[in-house]
1. Any idea what the alpha-carbon Rg over 2.2 N^0.38 Å comes to for segment A:1-105?
2. What figure in square angstrom, to the nearest 10, would you give for the accessible area of B:D223 with a 1.4 Å probe?
3. Of A:G127, B:Q268, B:P12, whose Cα points farthest to the positive end of the dipole of the protein assembly as shown (charges on the beta-carbon: +1 Lys, Arg; -1 Asp, Glu; origin at the Cα centre)?
4. Return the average number of partner chain Cβ atoms within 10 angstrom of each residue Cβ along peptide A:19-26.
5. For a protection proxy built on the mean count of beta-carbon atoms within 10 angstrom, sort B:227-236, B:248-257 highest first, please.
6. Roughly what would the spin-label model give for A:L111 and B:R188, points 7 Å off Cα along C-beta, in nm?
7. Rounded to the nearest 10 degrees, what's the angle between the helix B:67-82 long axis and the longest principal axis of chain B, both from Cα atoms, 0 to 90?
8. Treating only the Cβ of Lys, Arg, Asp and Glu as charged (+1, +1, -1, -1), what charge dipole size does the protein assembly as shown show about its Cα centre? Round to the nearest 20 debye.
Amino acid sequence: MSPLESISEKLGTTEPWVEKGGVHWLPLGAMNVRELATAMNGLHARFVTITAYQLPKEEGFRLEYHWDLDGQLLGFSFPLADKSIESIYDLCEAVDWIEREIHEGFGLDFLGREYEPLLLRQGETPGVNLREEKK
Amino acid sequence: MSYKIPMGPYHPALEEPYKLDLICEGETVCDSKLRIGFNFRGIEHLAETRNYIQVVALMERVCGICSNIHTLTLCQAMEGLTGLTPPPRAKYIRVIMAELERLHSHVLWAGIAAKLMGFKTMFMTCFEIREKVMDVLCAISGNRVNYAMNRIGGVNRDISDPQAILKMVEALELEMAHTVIPIFTTSRTAISRCANIGVLTTEKAVSCGVVGPTARAAGLPQDIRRAAPYAAYEEMEFDVPVQPAGDVTARLLVRALEIMESCKILRQALAKLPPGEINTGDDKFPFTTGTATSRVEAPRGEVMYSVSWKEGSRTPSRVHVRTPTFANMPAIRWMVMGARLADTPLIQASIDPCYSCTDR
């Protein structure tokens, strides 16, 4: 069994891995981000980053989570319908700054955590989507 | 009674602005809070307004020390979107530039670390050597800082006389082997100021997801050049220095050993530089719709670029940069916890932080 197949087994999915753009992608179906983070911890994968995308028109946002496993970059995509997703900070300390940065720059909420100001905010000011024009 | 001492955003120990609020009891640091953003330039958003030529010049300016690494990572990602493969000679030149940049960065760091140890003569020695590394970079690229070497499909400038560059590298290697390395590894000043301070345990290094020399000095043998080789690294023989102690001495030793490994790679790359073209010769690029990701081992650790494009567009729809200091800097909180207040400038400097990269 290849390392990628063993990950699929661990995640309980039969979907095939797709290598695209330098990343091994796995569709997760109904699995949520906290279950994914727990599984990645179990595999001793190294968290790399989260990339946030604002989709065209009213399609919302997409977050791509990346982990490294023995030099292979793994990618998992989560569409966001309501500008929020559960935080994995309590499961993976390394996400702290990137969750805070995305909150400040895209106005997305990572549920279940508090944010200290990081890049741009002062005090209790909430994050805003910097891509939207100021009305 | 605890009290708070702010270090920064402007402080003699910081090369650039950031803020470290140290919560102390007596002379001992109990906790700390980091604040970045003083160099925020909105570069990722700005990149979405630049075409495929301009975006390379823009991303070269994310960082003043590892400017070449940023364009290398970006160009590799854009090559993934255009289906272009750089010629072998271009891949070798990319390795040579990347290793010279690593030498430059590590020697610069050694100088700053020496200054923070109160070792001013060593600071001057390191900066003198750094000038010579920059002379080599200038001889290849014509520039001392932003080298403008990378382009989609290869590099912009050839190395016409590799033997001349090889002689410069060998002279540098000799000088570093006789000055920087022995002084940092054997001098009492360096050892007494660095040993057993700013410890990052292997467990905490894993938990924080640190990268580069910071990870390797905490016992983690991770290096993208070895784990996921790019450019011509697959054809290079080199060791990945690892130190288990996790203290400032370990970070110092890892960088000292990496200087020698970089020289080893440079000698191989210059000796085996293959003939042929240095780029694909394209000036119009058939971008396909999608996202491509590239990772490179910068002097401070792994850099990752995710670049998204829409077919027919002249500008990227998204450029995300994950810099090594962004991954390493949160670990400073754990390194300074329990340290003496007087040691914190050196401890925070020991990860070789780049605030410009971190803020973007």
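The values are calculated or read from the model by the stated rules, or taken from the named source; none is laboratory data. Worth saying up front: this structure is predicted, and the values here are computed from it rather than measured. Positions of Cβ are backbone-derived with ideal geometry, glycine not excepted, and every protein chain shown enters the neighbour counts. Please note that ligands, DNA and RNA were not included when accessible areas were found on the heavy atoms of the full protein model with its side chains. Shrake-Rupley method; radii C 1.70, N 1.55, O 1.52, S 1.80 Å.
1. The value comes to 1.05.
2. Here the accessible area works out near 10 Å².
3. Toward the positive end, the furthest listed residue is B:P12.
4. Across the residues of A:19-26, the mean count of other-chain Cβ atoms within 10 Å is 5.
5. Averaged packing, sorted descending, gives the order B:248-257, B:227-236.
6. 6.2 nm
7. The answer is roughly 40 degrees.
8. 1020 debye
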